[in-house]
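Notes to accompany the following structure.
Please treat every number below as a calculation from the coordinates, not as lab data. Just so we're clear, the structure is a prediction, and the values are computed from it rather than from any experiment. Neighbour counts are summed over all protein chains in view; Cβ atoms, including those assigned to glycine, are modelled from backbone coordinates with ideal geometry.
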Amino acid sequence: MTERNPVRWLVLVVRVPAEPSRHRVAVWRELRRTGALSLGQGTWAVPDVPAFADGVARVIELAQRGEGEVVVLDAAGRAARDGARLEALFTADRAEEWAEFLADCGKFDAEIDKEVRNGKFTMAELEEEEHSLDRLRRWHRELKTRDVFGAPAARDAERQLAHCTRRLADYTQQVFQALHQM
């Protein structure tokens, strides 16, 4: 974003009673799932873009269920560096998520290698790998939606997901051949 068109932020000040803790945990999990940036005790920020609207609404609903409250403030950095700092912190969080995603893609790849090495060409194993790839695809879509500033690792994640898709296609072909040679 440019200095002429700074990013607007929603700052959420969250207060939920300590007991029962399940409400605080539910709110915290939803904030994390939404991709909110923790600014400190009970204070979170998200870019003020439509991709975060549903998550913010769920956070408010969960807090109210726990007899808490969320104050939502519109904000922008007072100086350009303030907005840039929020953007950098937010993008760093996305980079961590992309790194975790890439690690799971590596695990998927290693699992396919193991099944091929062990000659495990069964429908049950194929279905398990299909479920794993579906989970990676859903996760990728969620991360891509949250990554509004374009963390550099997003491109690597896109390529790695395509690689995993090709690996599953190859494994599917091997399972098909193994099952039809009987």
- prompt: How big is D, in µm² s⁻¹, for region 1-130 by Stokes-Einstein at 10 °C and 1.306 mPa s if Rh is the Kirkwood radius over C-alpha pairs?
  reply: 92
message: What are the extents of the Cα atoms of region 92-180 along their three principal axes, in Å, largest first?
response: 48, 19, 16
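Using Cα pairs under 8 angstrom and six or more residues apart, how large is the relative contact order of the chain, in percent? Can you show the working numbers first?
Numbers: 193 pairs, mean separation 42.7, N = 182.
With pairs under 8 Å counted, the relative contact order is 23 percent.
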- prompt: Where nothing but the Cβ of Lys and Arg (+1) and of Asp and Glu (-1) is charged, how large is the charge dipole of region 42-182 around its Cα centre, in debye to the nearest 20?
  reply: 360
- prompt: Distance from the Cα centre of region 63-90 to that of region 137-154, in angstrom?
  reply: 20
